[in-house]
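Written out below as structure tokens is the structure these notes cover.
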Amino acid sequence: MLRSTLALALLASAVPASAQEAPQTAAPAAEAAPAYPDLPLEQAAMRAHVMFLADDTMQGREAGTEEYDIAANYVAARFYANGLRPAGDNGGFLQRVPLMNYKPAEHGSFVFTRRGAEPVTLSFGEDFVPAGDPTSETTTVDAPLVFVGWGIHAPSEGRDDYRGVDVRGKIVVFLNGVPEELHSEIRASLGSANAKADMAGRLGAVGAIAINNPGPRSLPFAAQAANWQRSRTTWVNPDGSGHVDTPQTPVLGTLSREGAAKLFQGARMPWEQVQAAAADSNARLRAMNLPGRLAVTLKTERELFESANVAGLLPGSDPAVADEVVVLTAHLDHVGVGRPVEGDSIYNGAMDNAVGIASLIEEASRFQKSGERPRRSILFLAVTAEEKGLVGADYFAENPSLPGKTLVANVNLDMPILTYRFEDVIAFGADRSTLGPIVRRAAQNIGVGFSPDPMPEQSLFVRSDHYRFVQQGIPSVFLWPGHAGPGAEGTNHFFQHHYHRPSDQLDQAPVIDWEAGVRFIEVNYQIAREIADADARPVWNAGDFFGTLYEGPMAR
């Protein structure tokens, strides 16, 4: 249950109020920065939010904990103070998000049968490792098998591994990984077992199995076997089942190469040839029916818990477009308490993502202080369970707490690295929609450049909360300070020394540059303002892969 008491509300409201007063300068320690530096009010306000959210008492703000709920009440109080209207459940700022952790409860059973041969029982840990199924505590599938190469169905990109086979009523078997010739963002969006199972389900398959194909982007099978009970998280449907995109097509597990060889006995293309070809990730492997069927039984352990998104609405002023909503997101959760590093086990998440939340709150403040409501409505949304797989954003994108309104764009703020005076900005996904020119103009207005993605191999466009809006067809961007000047060094230092470590805290070194934080808020404010006041809603560029895949509004 979400915890909301008068004491928590008073605590949440008290901190930012004092932050707006002229801060007092504490006497600095001999070798330490002052605890309360003398900052201009906007910088002090931003720092105050991070002081609260990244304090040790928040215990790392893991979704589902009491400390996360305190943080959610804090953000709700700030939204209210900045003139936003509650846009959550039951007239409040909080949107309840029902969550589920799930993992395999036992080894499961994989039995392969080929006509004229004795059934072959595959061995756990040697031939296969099972997957958990969030939709049911018991999963049974008994069906013919069909091999579909890499399992990629993307005709617009010149790849269709399903060509020539009918997978309806069958279990699809595919190699893990994805062809390197595809764009990195497309690889990331199509390459997971869940994404491949979703595609197989759209084509009628009743189950999906990955074959471990060791490479730079995949774990060795032994490592997967050692971690076979790793827990995953999803949100919960009204019927109590865990949400997946295609529930009729569960991911059943992963095969080792030795396990795969057993399923290929008597196949038109022997396993040895498939294995040799798979050394080239761009290989074109012909789909084929395998000469047998597989009976799979799985048991899944499921644990229900709850967290909340925090939603505050700034209503639009133009009746013609006020029902169109620009969504600004930042994730509120972090990873909680974990393995101690140098005696510290609290993963505070100051940069990831207390700074993003602080930016979101202060952006709302800018709209309030402007005295001019935007034409379209703007939703300020702090989401939960990002660290568990973008789950809170996914829940909102599929269950928006805004009946009768249309979500038209998303701008996401996740872990802006603000230890340097940035000279440019990056917006992952900007070149895919009409949001790109808007971001460029905002950057120009504050006197910085706009740069292309300097880390395309990281596929960041599909790795943060905005991607859940992309999957609903909504043009979206993910904004970051850029790599020009000191940017690359500052970004690399953070990833090497602080990312997902206890040292990501308020007093990390180098220190957070609050002036850069205020400039980052300004560029976000200008982006949101232009989207909300434009005559036309954003659309995907003509023929864009993601806009086409998810059937979003497209430029002609």
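The values are calculated or read from the model by the stated rules, or taken from the named source; none is laboratory data. Note that the structure is a prediction, hence the values are computed from the model and not measured. Cβ: placed from backbone, ideal geometry, glycine included. Neighbour counts: every protein chain shown.
Things worth noting here:
- Among the residues of region 497-553, the ones that are assigned to a helix (DSSP H, G or I) and either of a type outside the set (D, E, K, R) or over 30 Å from Y36 (Cα atoms) (or both) come to 23 in all.
- The residues of region 30-70 that are aromatic (F, W, Y) and under 30 Å from S307 (Cβ atoms), listed by number, are F52, Y68.
- The set of residues in region 219-243 being assigned to a loop (DSSP other than H, G, I, E, B) and of a type outside the set (K, R) consists of L219, P220, N227, W228, Q229, S231, N237, P238, D239, G240, S241, H243.
- E137 being within 25 Å of P238 (Cβ to Cβ), assigned by TED's automatic domain parsing to the domain that holds G169 and either in contact with a strand residue (DSSP E or B) (Cβ under 7 Å, 6 or more places away or on another chain) or at pLDDT 95 or above (or both): yes
- Among the candidates P454, P403, P437, residue that is part of a loop (DSSP other than H, G, I, E, B) and over 30 Å from V236 (Cβ atoms): P454
- Residue match in region 443-451 (condition: aliphatic (A, V, I, L, M), part of a helix (DSSP H, G or I) and either within 24 Å of E386 (Cβ to Cβ) or not assigned by TED's automatic domain parsing to the domain that holds G191 (or both)): yes
- Within region 171-203, the set of residues being of a type outside the set (D, E), on the phi < 0 side of the Ramachandran plot, touching a residue at least 60 places away in the same chain (Cβ under 8 Å) and in a loop (DSSP other than H, G, I, E, B) comprises N176, V178, P179, H183.
For every residue, the table says whether it meets (1) touching a Ser or Thr at 6+ places or on another chain (Cβ under 9 Å); (2) farther than 24 Å from I186 by Cβ.
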| position | (1), (2) |
| --- | --- |
| F428 | yes, no |
| P437 | no, no |
| N445 | no, yes |
| V470 | yes, no |
| W480 | yes, no |
| G490 | yes, yes |
| F494 | yes, yes |
| Q508 | yes, yes |
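- Qualifying positions in region 350-378 - over 30 Å from F495 (Cα atoms) and either of a type in the set (V, I, T) or within 19 Å of the chain's Cα centre (by Cα) (or both): I378
- Residue match in region 300-316 (condition: at pLDDT 95 or above, among the basic types (K, R) and under 27 Å from the mean Cα position of the chain (by Cα)): yes
- Qualifying residue in region 364-386 (condition: surrounded by 21 or more Cβ atoms within 10 Å (Cβ to Cβ), out of contact with any strand residue (DSSP E or B) (no Cβ under 7 Å at 6 or more places or on another chain) and either closer than 19 Å to L460 by Cα or outside the structural domain of A509 (by TED's automatic domain parsing) (or both)): no
- In region 134-168, residue surrounded by the fewest Cβ atoms within 10 Å (Cβ to Cβ) [restricted to those that are charged (D, E, K, R) and not in a strand (DSSP E or B)]: R168
- Matching residues in region 256-269 - criterion: being within 20 Å of E126 (Cα to Cα) and out of contact with any helix residue (DSSP H, G or I) (no Cβ under 7 Å at 6 or more places or on another chain): E258, G259, K262, L263, Q265
- Pairs, first outside the structural domain of L360 (by TED's automatic domain parsing) in region 524-546, second part of a loop (DSSP other than H, G, I, E, B), C-beta under 6 Å, six or more apart: none
- Region 283-392 holds strands (runs of 3 or more DSSP E) entirely within its bounds, and those carrying 2 or more residues that are closer than 30 Å to A143 by Cβ map to 288-314.
- Any hit, region 244-253, residues being out of contact with any Asp or Glu (no Cβ under 9 Å at 6 or more places or on another chain), crowded, with 22+ Cβ neighbours inside 10 Å and not in a loop (DSSP other than H, G, I, E, B): yes
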